[in-house]
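One structure below.
The values are calculated or read from the model by the stated rules, or taken from the named source; none is laboratory data. In this text the structure is predicted, and so the values were computed from the model without any measurement. Note that each Cβ is placed from the backbone with ideal geometry, even for glycine, and that neighbours are counted across all protein chains shown. Surface areas here come from the heavy atoms of the whole protein model, side chains and all, with no ligands, DNA or RNA. Shrake-Rupley method; radii C 1.70, N 1.55, O 1.52, S 1.80 Å.
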Amino acid sequence: MRTILLGPPGAGKGTQADRIVEKYNVPHISTGDIFRENIKNGTELGKKAQEYMNRGELVPDDLVVEIATDRLLKDDCKERGFLLDGFPRTVYQAQKLDEFLAANGQKLDKVIDLEVSEDVLMIRLTGRRVCKACGASYHVVNIPPKQEGICDKCGGELFQRADDNEETAKNRIDVYNKETAPLVDYYEKAGCLARIDGAAGLEETFSEITAALGE
Ligand code: AMP
């Protein structure tokens, strides 16, 4: 299965990605996760990406295309396909992905577009807390952990992502509207878009996704 999860920051891409990966046994490729891992490990790539990420801006296209296509060349993707989360984010990236797929004799099956209104996105982003140890995601009001600041799953410490503060979150949504929203049209024209209600609740949204992807 070759699928893209599209949608603004805070639409629930990461949460739904975990469930899709479990059900369809497909590698989950999040360019944001790759950058965060590199920042944690102090790599050159991490240093280059960090300043853009902290401002809520996009990392330059060529850098992102290179890390995404390198990852797509790995054996697990050749064997089982992929679920892309957070890539592509510009029309240029989408064109480069198309070129990559064509050159490798591959085709996209579906693009899942998670639709959520802007006020809900802001509430979700600014209230999000993430586990430092295992990456599990919580929300101070909607999905609180049993004990404040502590991960239910592994006991790790919860923190707020540097780019989830109000100002940066707003900028990320603006950048999405300008740079990434045109991809909805791009993939609709390509005939592979599925529009999904990302505010319907976790279970309902997941069942809409599985209906679009097939059982
Ligand atoms: P995410 O975890 O998907 O919200 O990504 C966090 C940040 O990483 C974004 O705000 C961007 O700064 C950067 N990033 C992730 N994926 C991309 C991409 N495809 N193109 C450009 N920047 C990206």
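Looking at the stretch 94-149, which of its residues are closer than 25 Å to Pro182 by Cα, open to solvent by 70 Å² or more (accessible area, probe 1.4 Å) and part of a strand (DSSP E or B)? Within the stretch 94-149, just Glu115 meets the criteria. Considering (1) over 17 Å from Asp85 (Cβ atoms); (2) of a type in the set (Val, Ile, Thr); (3) modelled with pLDDT of 95 or more, the lone condition that Thr168 does not fulfil carries the number (3). Only a single item in (1) within 13 Å of the ligand (Cβ to nearest atom); (2) modelled with pLDDT of 95 or more is not met by Cys77, and it is number (1). The residue that is nearest to the ligand (Cβ to nearest atom), among those in the stretch 171-215 that are at pLDDT 95 or above and of a type in the set (Lys, Arg), is Lys178.
Pull up the stretch 26-40, narrow it to residues that are modelled with pLDDT of 95 or more and away from the ligand (no atom under 13 Å from the Cβ), then point me to the one that is surrounded by the most Cβ atoms within 10 Å (Cβ to Cβ). If we take residues in the stretch 26-40 being modelled with pLDDT of 95 or more and away from the ligand (no atom under 13 Å from the Cβ), then Val26 is surrounded by the most Cβ atoms within 10 Å (Cβ to Cβ). Looking only at residues of the stretch 80-93 that are within 11 Å of the ligand (Cβ to nearest atom) and within 17 Å of the chain's Cα centre (by Cα), we find that the one that is farthest from Glu179 (Cα to Cα) is Leu84. Note on the stretch 132-158: residues that are under 16 Å from Ala17 (Cβ atoms) and modelled with pLDDT of 95 or more amount to 0. Note down all Cβ pairs under 6 Å where the first residue falls in the stretch 189-203 and is farther than 17 Å from Met1 by Cβ, the second is aliphatic (A, V, I, L, M) and assigned to a loop (DSSP other than H, G, I, E, B), and they're at least six residues apart or on different chains. Matching pairs, first to second residue: Gly198/Ala11; Gly198/Val116; Ala199/Val116.
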